[in-house]
Amino acid sequence: VLLGSGLTVLSQPLMYVKVLVQVGYEPRPPTLGRNIFGRQVYQLPGLFSYAKHIMKEDGRAGLFKGLAPRHCSSAIGTVVHSKVLQELPTPCWGQCPLSGGLFPPDSCFPLQPGASKKEPVSSLEQVLKETSREMVARSAATLITHPFHVITLRCMVQFIGRETKYSGTLSAFTTIYREEGILGFFAGLIPRLLGDILSLWLCNMLAYLINTYALENGVGSAPGSRVPGPDGGQFQGCSGSHDPIWGIQMLSLLSQVSTMTEMKSYSQAVTGFFASMLTYPFVLVSNLMAVNNCGLAGGLLPYAPTYSSWLDCWSQLHREGNMSRGNSLFFRKVPAGKRYVWE
C-alpha cells in the first residue's frame, strides 16, 4: 500500500495533464516546431509546457489536485482486490506460465473428473482460470472505487473553468448525490470496466501465445536443446559424468532456459503495453463521460457536447478522429482539419 501511495503521488501531475488533454483543453495555441524526423510541424503544448502553465496559475501544489480521492481509490481498490482473490478458489499450481516461471510438477495440477494423474490440466486452462479470477477481482475493485475516480476527474477538470465546486472529497459526494443521484457516482463505469476486462484478456492471452508457441518452441528446436547423456541417450538427470563435451552442452542448455525465462517476464510487459494501446479509447470515453454535463465548464461546449450515452460519445469521437486524444503527451502534432479550444 505504501509503495502504491508513493507511485500515486509521483504520477499525479502526469495524470492531471493527461485528463485535461483528453477533455480537449489547450492552454496555448500551437507553435511551429520540429518532429522527431526534423520536419517543421505545428505542435500543441506537451507535458512540460502544460505543467508550467498549471504551476503558473496554481503553484506547484496545483499539480496535485484530485490527489486525496485518488489516494482513497488506490488504497480501497488494493484491499478489495486482495480480499476478492482470497475468497475465490485458488488454483493449486505455484506459478502461472504468464509470469515467466517454470511449469509446476504434474502432481500439482488439478485433475479433471475421470482423468488419470498422468493427464494434467493444460497450461491454457491454467491461464483461463487465473485470468478469470483476476478479472473478477479487478472488476469488483473498479466497481467499488469508481465514485472516487469520478471525483478525482472532476477535481482536475475544474481547472478549466476555475471552479471550486468539488473542493473536498466528502463535500463532492454530497454534491454529486444531490444533483445526479446514485447514478452520478458511476458515470463512465461501463466503458471503464469493458476496457479493463479487454486489456486483461488481451495481455494474458497474447503473453500465453508468445511464451508457449514462440519462446518455448524456439528453445526446444535450438541446437543443443536436447542434451545427450554420456552414454548417448537423452539426459534424464544428474549422472555425475565428467565428460567435458557433455558439461559444455549442459551449460548451453541452462543458459538458454535462463534466457527464455527472462524473455517470458519481458513478454508480459510488452503485451500489457500493446493491450493498453488497443483499449485506450475505452479509457478516453470513460473519463469524458465521468465529467460530461456535470456543471463544470470542461464538461460542456465548446469542449464537449452533451452525450446521450457512452456509445454516443464513442461515435462522435470516432467521426472526429479523436479516439487517441491524450494518448501521447509529447510531440503532439496538430492534425489537419482538427479544431481545438485554447485560451
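The values are calculated or read from the model by the stated rules, or taken from the named source; none is laboratory data. Here the structure is a predicted model, which means the values were calculated and not measured. As a convention, Cβ positions derive from the backbone with ideal geometry for all residues, glycine included, and neighbour counts pool all protein chains shown. Note: accessible area is taken over every heavy atom of the protein model, side chains too, but ligands, DNA and RNA are not part of it. Shrake-Rupley method; radii C 1.70, N 1.55, O 1.52, S 1.80 Å.
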So, of the residues in segment 274-286 that are in contact with a Leu (Cβ under 8 Å, 6 or more places away or on another chain) and part of a helix (DSSP H, G or I), which turns out to be surrounded by the most Cβ atoms within 10 Å (Cβ to Cβ)? 285
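Yes or no, residue by residue, for (1) over 24 Å from residue 291 (Cβ atoms); (2) in contact with a strand residue (DSSP E or B) (Cβ under 7 Å, 6 or more places away or on another chain); (3) loosely packed, with under 15 Cβ neighbours inside 10 Å:
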| residue | (1), (2), (3) |
| --- | --- |
| 4 | yes, no, yes |
| 8 | no, no, no |
| 12 | no, no, no |
| 22 | no, no, no |
| 27 | no, yes, no |
| 36 | yes, no, yes |
| 47 | no, no, no |
| 57 | no, no, yes |
Within the set of pairs 6+ apart or on separate chains, which have a first residue in segment 1-27 that is among the acidic types (Asp, Glu), a second that is not in a helix (DSSP H, G or I), and C-beta atoms under 9 Å apart? 26/44; 26/45; 26/340; 26/341; 26/342; 26/343
Among 143, 153, 98, the single one that is part of a helix (DSSP H, G or I), modelled with pLDDT under 95 and either touching a Gly at 6+ places or on another chain (Cβ under 7 Å) or within 29 Å of residue 18 (Cβ to Cβ) (or both) is 98
Boolean, residue 41 is farther than 23 Å from residue 299 by Cα and part of a helix (DSSP H, G or I): no
Determine the pairs where a residue that is free of Cβ contacts under 8 Å to residues at least 60 places away in the same chain, located within segment 47-59, has a partner that is open to solvent by 90 Å² or more (accessible area, probe 1.4 Å) and not small (Gly, Ala, Ser) with Cβ atoms under 8 Å apart, the partner being 6 or more residues away or on another chain. 49/28; 53/28
Picking from 51, 61, which residue would you name as being assigned to a helix (DSSP H, G or I) and open to solvent by 70 Å² or more (accessible area, probe 1.4 Å)? 61
Just checking, how many residues over segment 29-82 are of a type in the set (Lys, Arg) and touching a helix residue (DSSP H, G or I) at 6+ places or on another chain (Cβ under 7 Å)? 2
Tell me which residues, restricted to segment 306-336, are in a loop (DSSP other than H, G, I, E, B) and either in contact (Cβ under 8 Å) with a residue 60 or more places away in the chain or open to solvent by less than 40 Å² (accessible area, probe 1.4 Å) (or both). 307, 322, 323, 325, 326, 329, 330, 331, 334
Consider only pairs whose beta carbons are under 7 Å apart and that are at least six residues apart or on different chains; among these, list those whose first residue lies in segment 198-223 and is at negative phi and open to solvent by less than 30 Å² (accessible area, probe 1.4 Å) and whose second residue is modelled with pLDDT of 80 or more and of a type in the set (Lys, Arg). 200/138
In this structure, is residue 289 part of a helix (DSSP H, G or I), aliphatic (A, V, I, L, M), at pLDDT below 55 and open to solvent by less than 50 Å² (accessible area, probe 1.4 Å)? no
